[in-house]
Every structure is written in C-alpha cells, then in structure tokens.
1. With θ taken as phi - 60° and the coefficients 6.51, -1.76 and 1.60, list the Karplus ³J(HN,Hα) couplings across the stretch 68-85 in order, rounded to whole Hz; mark glycine and proline as x.
2. So what is the accessible area of the stretch 8-95 per residue, in Å², with the probe set to 1.4 Å?
3. Starting from the residue with the highest accessible area, list 71, 65 in decreasing order, probe 1.4 Å.
4. Pick out, from 87, 75, 13, the residue whose Cα sits farthest towards the positive end of the charge dipole of the stretch 8-95, with +1 on the Cβ of Lys and Arg and -1 on the Cβ of Asp and Glu.
5. At 1.4 Å probe size, put 82, 67 in order of accessible surface, largest to smallest.
6. If you filter the chain for trypsin sites (Lys or Arg not before Pro), then keep DSSP loop positions with at most 14 other Cβ within 10 Å, what is left?
7. Can you work out the Karplus-derived ³J(HN,Hα) for every residue in the stretch 43-48? Use 6.51 cos²θ - 1.76 cosθ + 1.60 with θ = phi - 60°, whole Hz, and x for glycine or proline.
8. Going from most exposed to least, what order do 51, 95 have by accessible area with a 1.4 Å probe?
Amino acid sequence: MAIVRLTDAQRDAALAELPRWNLRADGLAIEAELKFGDFNEAFGFMTRVAIYADKADHHPEWFNVYSTVRVTLTTHDADGLSERDVAMARFIDSIA
Ligand code: HBI
C-alpha cells in the first residue's frame, strides 16, 4: 500500500497539536528532544517506542545520550511526512 505524504495544510494542522515537535528545516521530518530523569528512564522509554515501531512497521531515527533522547520522524516511502509520523509522535507524547 503506498504511504501518502501529508499536504502542507495537514502537516501544519497536525503540528499545531504536537507542541513539543518541530518541523525540520527541509520540511521532510519532525523532531523532538526528550529529557528523562536518568538513563534507565530514557532507555525504558526507548524500549516502549521500539515495541510500537515494530508493530507499526514505522521506525524512528533517534539519538540517546544518558537521560536525553532526540527523535526524528519521517516516512522514507513517502519522501516526507505521513500519518504514520503523526501517529507515532502522538504515541511518544502520550508516554514521555
Ligand atoms: N520507517 N520511518 C520509517 N519510514 C518508512 O518509510 C519505513 C519505516 N519502517 C519500515 C518501512 N518503511 C518498510 O518496511 C515498509 O514501508 C514496507
């Protein structure tokens, strides 16, 4: 099934409800920096996201150092942002 790229209007409407996420300068991804109490909490978060990603067949690009996790979401198959990125950002915001 082709994964459909969001229109700019759909993208902007979704981002309005995702205040911790920023649109990357090239407009093709959204990014967030999440801070946790310690590494254990950060890695526990990453574990939950990993389980979601495996089920959704949609995987983050992420960086972790100690209690900080930086997440970038994009849909390679759509060459930009799709509903999958919005859904994953909403999930991340619900557990972070
Ligand atoms: N994850 N972020 C991201 N973007 C993709 O396009 C993507 C993915 N994970 C898996 C995947 N695509 C492919 O397995 C499916 O599109 C077939």
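1. With coefficients 6.51, -1.76 and 1.60, one gets 10, 10, 9, 10, 10, 10, 8, 10, 4, 5, 10, 6, x, 9, 10, 4, 4, 5 Hz.
2. 57 Å²
3. Ranked list, largest accessible area first: 65, 71.
4. About the Cα centre, the residue reaching furthest to the positive side is 87.
5. My answer, sorted largest first, is 67, 82.
6. Within the chain, the qualifying trypsin sites (Lys or Arg not before Pro) (loop, at most 14 other Cβ atoms within 10 Å) are 20, 24.
7. Karplus values, whole Hz, x for Gly and Pro: 6, x, 4, 4, 5, 5.
8. 51, 95
The values are calculated or read from the model by the stated rules, or taken from the named source; none is laboratory data. None of these values were measured; they are calculated from a predicted model. Cβ atoms come from the backbone with ideal geometry, glycine included; neighbour counts cover every protein chain shown. Each accessible area value is taken on the protein alone, full model and side chains, heavy atoms only, with ligands, DNA and RNA left out. Shrake-Rupley method; radii C 1.70, N 1.55, O 1.52, S 1.80 Å.
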